[in-house]
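Take a look at the structure set out below.
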Amino acid sequence: MKKTKIDLEDFLKTILPDQKLLKFLSLARDISKKRREFLYFAGGVVRDYLLKRLYKKRIPKPKDLDLVLQGNLKSFLKELLEKVKGQILFESQFLTYKVKINLNGKEFLIDFITARKEIYEDIAKLPKVFASHFEDDILRRDFTINALIIGLSPPYEGVLIDLVEGEEDLKKGLIKPLYLNSFVDDPTRIFRGIRYKIRFGFNFSEDFFLALKKCFEKSALKKLSGTRLANELKLYLTKEPEKNLKNLLMTTYELNLFEEAELKINKKNFNSLISLLKELKGEISEREKEKIFLFGLVDSRFLESLYRLGFPDSEIKELIKYKKLIEENLSNWEKLSLWEKIKIFEKIPSIYLLTLGIYFPKIKKDLIKFFKEYRKVKPELTGEELIKLGVKEGKEIGALLELIRKEKIEGKIKNEEDEKNLVIQFLLNKSKN
Ligand code: CTP
């Protein structure tokens, strides 16, 4: 066990998103000292602090702080929350607690974790966990660079503990699993490893490939649930810088993970998927973006593959139906008028439509223009105003509003005055006939 004294004050100052948390932490440390329970930081916070020191790189402050206690966390938190305004928001089956605290009117979320041992009884299934010693808690982790801890209370107050040569691997820039069965136990770690590799510009260690081989031999990726697989892929989009997305997808592809996970992916979609998501910034919600991302990854010839990502039958059938609609018009696409194209687009709900723009590059330009612009064009005049102008109630109103919209989109009319003239002209023509 390698132990290095560190400047705890500097560590805390660097990692804490707000200095208000210093007082809170000092309270937590006092309680852990009184209870003689070891409190420490683990995972991303420690890794990022050391990375910053090693490479003098600007690393963003961690979004989540993982505080671990070797002891009885529930009773520890009860004591802590008697002294600080706050509440437990969520308690998981893995002996973890999400806690919301309020410091001078500002709210913070902190993850508290019990030092634990994990036992994997089934391939690619969630583990059974037991409260345990900090050494077990280090050794249950995914990669050596994530297995470093910094103590906040005795017996290792202000000490960096490294059981697995994690600091060496940080220096060498290596992504190395802790044990060879790591990806058999939890194949999501492979995707995590890819994210760290690309995020930090690191390399995979030899052990990474050996662990991957074991994972393939045991078909562990096939056994990973659809929800967990989809979640890991979504993290490429939500947790990593946008500029890394192509690399993340290509690395996943080249390691053969998609195929091993029984997902039919078309790597030709990657570029158009990435550029489409970029162009739609601000136009769609994060949830919509995630869905289009997953839909867009799969090979359009094998949409049944979406079952593997946990999508329901109804959504997959809808996507197949709308894909057919586009296919029927594809050979003739250039010959269709703008209005005809719009009439096709309007039949398809946004998420499916945008996905089809990824599958069929031929329609992508028209589709983006439709989505960003044409679909928002509405007549200034209302149905009631048309009636005032002398249009008969009933079907004619709808048809006229549609005509106004068409002429506006085609650029033939521009303002309310033009719309009124169009209506008057229509009524005149009608009275002539
Ligand atoms: N961990 C693990 N195996 C997993 C998930 C998480 O061993 N499948 C451990 C790792 O030690 C990791 C820690 O739990 O460092 C916290 O996980 P998470 O918050 O997802 O990642 P961070 O390390 O904080 O990294 P980042 O948020 O920067 O991606």
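Here, each number is a calculation from the coordinates, and none is a lab measurement. All values derive from a computational prediction rather than experimental measurement. Ideal geometry is used to build each Cβ from the backbone, glycine not excepted, and the neighbour counts take in all protein chains shown.
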Quick one: the Cα spread of segment 383-432 along its three principal axes, in angstroms, biggest first? 26, 20, 15
Tilt of helix 350-359 relative to the longest C-alpha principal axis of the chain, in degrees (0 to 90, nearest 10)? 80 degrees
Principal axes of the chain: Cα extent on each, largest first, Å: 98, 54, 39
Angle between the Cα long axis of helix 73-83 and the longest principal axis of the chain, 0 to 90 degrees, nearest 10? 80 degrees
What does the net charge come to around residue 153 if you take all other residues with beta carbon closer than 12 Å to its beta carbon, with K and R at +1 and D and E at -1? +2
Rounded to the nearest 0.05, what FRET efficiency do residue 254 and residue 378 have when you use their Cβ-Cβ distance and R0 = 41 Å? 0.30
Where in segment 30-58 is the amide nitrogen less than 14 Å from a point lying 7 Å along the Cα-to-Cβ axis of residue 111? 41-48
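Assuming 0.36 nm per residue, please report the length gained on full extension of the stretch residue 330 to residue 8 beyond their Cα-Cα distance.
Extending this stretch completely gives an extra 109.5 nm.
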Could you give the dipole magnitude of the chain about its Cα centre, charging the beta-carbon of Lys and Arg +1 and that of Asp and Glu -1, in debye to the nearest 20? 560 debye
The chain: calculated mean residue ellipticity at 222 nm from DSSP helix runs of at least 4, using -39500 (n - 2.57): -16000 deg cm²/dmol
Amide H contacts under 5 Å for residue 175, placed H, 5+ residues apart: 203, 204, 205
Rounded to whole Å, give me the distance from the Cα center of segment 227-270 to that of segment 147-225. 19 Å
